[in-house]
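Since the structure comes first, as structure tokens, the remarks are kept for the end.
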4 protein chains.
Amino acid sequence: MSYLPVDPARPEPVRVGLIGAGWMGAFHARSLASTIPGAVLAAIADPALEPAVSLAAELGVPQVTADPADLFADPAIDAVVIAGPIRFHAALSAAAARAGKHVFCEKPGATTLEELSEVEAAVAEAGVHWQIGFNRRYAADFLAARRDLAAGAVGTPQLLRSLTRDPGTGSIPHAARVPQWTMFLETLIHDFDALNWMNPGAEPVSVHVLADALVEPDLRDAGFIDTAVATIRYSNGAMAVAEASFSALYGYDVRGETFGSRGMVQAGRPTETAARTYGPEGLSARTPRLNIELFADAYRDELADFAAHAAARRDGAPAPDHGVPLTPGLADARRALAMARACIESVQTGLPASVAGSVVSGAGEAHDGAAAVAR
Amino acid sequence: MSYLPVDPARPEPVRVGLIGAGWMGAFHARSLASTIPGAVLAAIADPALEPAVSLAAELGVPQVTADPADLFADPAIDAVVIAGPIRFHAALSAAAARAGKHVFCEKPGATTLEELSEVEAAVAEAGVHWQIGFNRRYAADFLAARRDLAAGAVGTPQLLRSLTRDPGTGSIPHAARVPQWTMFLETLIHDFDALNWMNPGAEPVSVHVLADALVEPDLRDAGFIDTAVATIRYSNGAMAVAEASFSALYGYDVRGETFGSRGMVQAGRPTETAARTYGPEGLSARTPRLNIELFADAYRDELADFAAHAAARRDGAPAPDHGVPLTPGLADARRALAMARACIESVQTGLPASVAGSVVSGAGEAHDGAAAVAR
Amino acid sequence: MSYLPVDPARPEPVRVGLIGAGWMGAFHARSLASTIPGAVLAAIADPALEPAVSLAAELGVPQVTADPADLFADPAIDAVVIAGPIRFHAALSAAAARAGKHVFCEKPGATTLEELSEVEAAVAEAGVHWQIGFNRRYAADFLAARRDLAAGAVGTPQLLRSLTRDPGTGSIPHAARVPQWTMFLETLIHDFDALNWMNPGAEPVSVHVLADALVEPDLRDAGFIDTAVATIRYSNGAMAVAEASFSALYGYDVRGETFGSRGMVQAGRPTETAARTYGPEGLSARTPRLNIELFADAYRDELADFAAHAAARRDGAPAPDHGVPLTPGLADARRALAMARACIESVQTGLPASVAGSVVSGAGEAHDGAAAVAR
Amino acid sequence: MSYLPVDPARPEPVRVGLIGAGWMGAFHARSLASTIPGAVLAAIADPALEPAVSLAAELGVPQVTADPADLFADPAIDAVVIAGPIRFHAALSAAAARAGKHVFCEKPGATTLEELSEVEAAVAEAGVHWQIGFNRRYAADFLAARRDLAAGAVGTPQLLRSLTRDPGTGSIPHAARVPQWTMFLETLIHDFDALNWMNPGAEPVSVHVLADALVEPDLRDAGFIDTAVATIRYSNGAMAVAEASFSALYGYDVRGETFGSRGMVQAGRPTETAARTYGPEGLSARTPRLNIELFADAYRDELADFAAHAAARRDGAPAPDHGVPLTPGLADARRALAMARACIESVQTGLPASVAGSVVSGAGEAHDGAAAVAR
């Protein structure tokens, strides 16, 4: 007896180029290189060549470049993951799309709605798959809540809440160098998407924001914001609260709650594991400390979904179907970005602000109720 | 051998008259008649004599009257519990105080700050004990959270949340007869007090409100409100959210959360008991259905505290000391009422509103930080 | 206007005499004196007169005696609560019954089955109400679990667990003076009753015990037991585990679990309240520390149920109906005691032991399945 | 600009051959083929060639054979994963070891201690890494509990519990074909290892078992067992309970609890995710349904650990260090198997049985306390 040779029956893996090998990019690289079925990390582009090379060596990635254009020009690359500074997101997305690459872009899709329009145009013309890193949707508990919502557990949403608290120590490293509107463009944008996703068919209409530098009060006069609460009014009457802090001493805290005419669903994992310890002081349990721990599976699953979408688009196969709307695309990127921009306006005026441009004009995506908000 | 007679060593029970024997009044009556050590329910006043008499008979209360003035005139009565319609609260409180009776008044203390000033004057002149029915403070979990906060678990409060969801069926009985501002004067006022209590030393500065008739949309044009979210800015920079709905199909839901520079405390009991059931559909557990179930002990404990305070005042004994600020009095009633009034203004204008009169003028109770709010 | 006099419509309170004013007796006395509707604590009997008098003074109880016979002889006494040392339980119960008093007896009902037979005879002849202090049944979570079981949530019980861990410090005060079989007669007897109650219609058939002095190993040679695990086989095939320790550093831990052909119910409250605290170390919450805290309501409710039963018996009214079997009586006392005695035998032999005498002979209470145990 | 080529800096992946492509083997195959960094699934051996070929095709595994000897003879294979019927485990392990392959063997390591001795001899002589599939150790909550135990949270273990309930429907498919002692050799053996792991340094001394066919009573006379409770006495005095059922309607339920002189740790995940749903019936949440769902990460992590150990052994690198004892080897396999064998004896006699051969003779692994068990 000896081996019977076997022809593979699975599709070719998607060959991915990574743009930006910083903290988040390196995390994605590790996922792509080892735990994402259907993807191969083929090349890394980062102007900081030295760390990029050592990451590539560690992961067995055979080639590195300082210039993302090399990836765009490489016919062996199917898709790119964009994880660089947010000010380059839109231009890189558009260029990648124009080169025919499928795009996974970390949030936000752009820093302004105008920039995002350019991405939309390039993607539409190229017909590529474009996906944004709203990873929270892929967290098992958030997805379970969304499925229950789809099954009618909430009825019509009336009151929603989403919060993000980043782990901290009571002071924010390099706070003075954090861009002023990071709170809205990079942190609360996750909450905005989570709220939109949990309130399907409704459009955000207006926002009102409280924001301050409570962790780093010395930076208040410089306009720095580390703590914020935004209230959002939706076209279906629903009211939402998005809340964030840059410094929770107990770790990384992300939760969501949707209440409506039939009931409530909640997501958010208060402890790192189900383990519990009881001692003289009572009950204790460890809390999640890092986003890449709490959402380890979610980060992996969003990339696996991206790879599946890219492969399907490449091979002319049907796109993955998750039973509920899941894969976040350009319309989701726009809706959340429009809310972030309105929040910035509300901070500047101290007044409620209308959400403009949440639906791309002429796209026909506007929901019927969008015009008819209550008060 | 036979009995040794024993002289009692405990103080005379406080003799209480109840004003208003409706749903809440009858509940208090049952507590006073049976499970409050140190109190005796001596008489009931209610214009609806028939139900009052049958309640009195059931509880062994020997006398009933249609007119609260009879209680005020009765020298055998030490104290009154006011549980009638809110428009009479202030006048009854003031009259009781002028008659030298200690007063437990259901919330709100008055419907306007002007009315409340009259109560303050009467109470100050008479030197009686005056207490308001902010029962949430007495709930075991809220009190435990408050003690942890006092022990430093939160540090400086930065983000607070309080919510109330009344049990419902998806429609509100007699909604058309519910007074327009009930949401703020009777429901959210509990949340306002809870937030103030969890943010000691800070004053509410401004509010912004989203409010609507989402449960009973046909009453929207009549100005009815059954769903609301209020954001509150405090003098110490803290941001708070108070949220309420008149109709939660899963029961009575009350929660509080205070996050700050050192950590977070949470209160709120998601299930009726610790029992859990597992079946083919998964895990299930019953939820609390009624305020008088969820807060059964809290309602009893606030009256026991009242009786202890009244007895101490009557007997010249020291007031009970709970280790943390607990017994809610006139300053607390004023602070919460001022927030409710500001919320009403915010609804009317659609804009943020300043909280005026949260501290009685000249009372010297204003905290140092009250003037210096961030933005 | 002036008072309308009201005739009381409620039954005369039950006049209770307390026998034994030690730690548990004093706790019951405080309940009876203040928070049990329908009961009046009329007299206290305890050979230690001084503390009994000061307790009586504190609670307003007008008379005290060293001799319980004074209570039995007093026609004004309707009922007694027996809370003295367990070696006197049976004789006091029998004497009280013969004097026509309704009896609430702390567990165990007797220390041997023979003694319990005497109580049974006296109670049967006198026709009084006799109830045992299996308070766990009245805990809200245990009762909720029992109701779910009655509603079919478990199906046929197959695997049961009950545990008791007393709060401790790692060493047991006065351990050398604790009677040898206290573990079974006073502690695990609660678990035996809880298991029987959760496995209705089945009889305990055999037991096997592991027992040791793990907390106080120096007392092992003296036969002291502070840690034990008993497995019990029931007539319906169900297998149960009862487990206890005299020293849990994290407080008082009581839990129950019943698993069967349809699902599982669980009872047991892991934390003192629903409050949660999050800090640099993670999540923490206080644990219950004392039986009279964890079961405060249960202790009160069992006495209220006793008072209601005694009043009903006295007044010829129907007994309270709780919807599920609740009030524990002589058959329950016997079943649990028979298990404790079998456990003692198992410890002595190191082998499984049959449970003898769990059903009073000729009482016709044996369930159909009792004879047909599996193996 | 163009690509910079990068030399890989990571070790060659471990080339794994899978023996047995049934349900569990196929699951391991999928892990090895896609999500285990450092491993490559190089070949599959299974006498049922057709499903093995189609699995290989799906996963891109290039070769298949009916005969495991082909794997042993293949110099390109570093290691094997044994997932066939348990009666072949020992012989396959020994043959693989003799061929110089590192071995991951599903539990049990053998069906008798004698068989296991042969494996021990072969492994010792070949110097290969041998690991057993006690995956529970790798579950995040179990590992967290074990770390807390190592840090002193429990003190000296006194009372332990481990349980396994397999998901079911109330009847067991093909029950008549399930081997008689499956309960102990395949199910409770997980619990035995979990208990041993949580009671480090102690040896199991004796067991007593209750066992029955409660789910399939018609098979009782054939000796089938679907429900069992085993009590275990350890050399350090600790008492443990292991409990299992083959049919839980609410899904897959695995829990562990270790109580001792300083406190308690618990593991076990009651719900599938942290999501919670509230509706008219109260709170609900989905429960885990399958072992490969509940322990998805644990199954992956045990294989990743195996690959890391095998690579280290192959490359002369230091073995992975997990901070606490984790990777289960031959001594662990023996200890758990000895308990399973003693349980079978206890079922046969109805009496307690001594645990013989839990430590390999002459191995010097016996702990000091092993000889001195209490009673």
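The values are calculated or read from the model by the stated rules, or taken from the named source; none is laboratory data. Note that the structure is predicted; figures quoted are calculated from it, not measured. Note: ideal-geometry Cβ built from the backbone for every residue, glycine included; neighbour counts use all protein chains shown. When the accessible area is computed, the model is the full protein with side chains, heavy atoms only, and any ligands, DNA or RNA have been set aside. Shrake-Rupley method; radii C 1.70, N 1.55, O 1.52, S 1.80 Å.
Side notes on the structure shown:
- Residue mean of other protein chain beta carbons inside 10 Å, A:44-52: 1
- Spacing of the two label points (7 Å from each Cα toward its C-beta) at A:Thr169 and C:Thr349, in nm: 6.6
- Averaged over the residues of B:238-251, the number of partner chain Cβ atoms lying within 10 Å of the residue Cβ comes to 5.
- Amide H contacts of B:Val14 (H built 1.01 Å from N, under 5 Å, at least 5 apart or other chain): B:Ala39, B:Val40
- Neighbouring Cβ atoms from other chains, within 10 Å of the Cβ of residues in B:16-24, number 0 on average.
- Ligands, DNA and RNA are left out, and with a 1.4 angstrom probe the accessible area of region A:14-58 is 33 Å² per residue.
- Anisotropy class of region A:263-359 from Cα gyration tensor, a/c 1.5 cut: oblate
- Sites B:Arg289 and B:Val324, calculated FRET efficiency, Cβ-Cβ separation with R0 25 Å, nearest 0.05: 0.25
- Karplus 3J(HN,Hα) series, Hz, for region C:66-82 with 6.51 cos²θ - 1.76 cosθ + 1.60 (x for Gly, Pro): 7, 10, x, 4, 4, 5, 4, 7, 8, x, 7, 8, 8, 7, 10, 10, 9
- Residue (of D:Trp197, D:Pro173, D:Ala145) at the positive-pole extreme of region D:120-274, dipole from beta-carbon charges: D:Ala145
- Student exercise, the protein assembly as shown dipole from Lys, Arg, Asp, Glu Cβ charges, in Debye to nearest 20: 0
- Rounded, prolate or oblate (a/c below 1.5 giving rounded, otherwise prolate when a/b exceeds b/c) for chain A by Cα gyration tensor: rounded
- Expressed as a whole percent, the proportion of Cα-Cα pairs in region A:186-267 lying more than 18 Å apart is 49%.
- Spacing of the two label points (7 Å from each Cα toward its C-beta) at B:Ala331 and C:Ala76, in nm: 4.9
- For chain D, the relative contact order works out to 19 percent when only alpha carbon pairs closer than 8 Å and six or more residues apart are counted.
- Selection among C:Phe88, C:Leu71, C:Ala26 by position relative to the dipole of region C:14-135 gives C:Ala26 as farthest towards the positive end (Cβ unit charges, Cα centre).
- 3J(HN,Hα) from dihedral phi, region B:189-198, Karplus parametrisation 6.51/-1.76/1.60, rounded to Hz, x for glycine, proline: 4, 4, 5, 4, 5, 4, 5, 4, 5, 8
- Our helix-only sum for chain C, with -39,500 (n - 2.57) per DSSP H run of n ≥ 4 divided by its residues, gives a mean residue ellipticity at 222 nm of -9500 deg cm²/dmol.
- Whole-angstrom gap from region C:17-53 to region B:109-155, using each part's C-alpha centre: 35
- Using a Förster distance of 51 Å, the FRET efficiency for D:Ala151-B:Asp67 (Cβ separation, nearest 0.05): 0.15
- Scanning residues 5 or more positions from B:Gln63 or on other chains, those with amide H under 5 Å from its amide H are B:Ile44, C:Val6, with H placed 1.01 Å from N in the peptide plane.
- Estimated FRET transfer efficiency (C:Ser2, B:Asp297; beta-carbon r; R0 45 Å; 0.05): 0.80
- Cα gyration tensor shape for the protein assembly as shown, rounded if a/c is under 1.5, else prolate or oblate: oblate
- Two numbers describe the Cα atoms of region C:14-135: Rg and Dmax, which are 13.2, 39 Å.
- Scoring B:136-142, A:72-78, A:125-131 by mean Cβ neighbours within 10 Å over their residues and listing the highest first yields B:136-142, A:125-131, A:72-78.
- Label-point separation in nm, C:Ala176 to D:Ala91, each point 7 Å along Cα→Cβ: 6.4
- Entry note, region A:14-135: relative contact order of 23 percent, from Cα contacts under 8 Å with a spacing of 6+ residues.
- Chain D and chain C together bury an accessible surface of about 3500 square angstrom, both sides counted, with a 1.4 Å probe and no ligands or nucleic acids included.
- Carbon plus sulfur fraction of accessible area for chain A, probe 1.4 Å, in percent: 54
- Ranked by the mean number of other Cβ atoms within 10 Å of their residues, highest first, the peptides C:270-279, D:103-112 come out as D:103-112, C:270-279.
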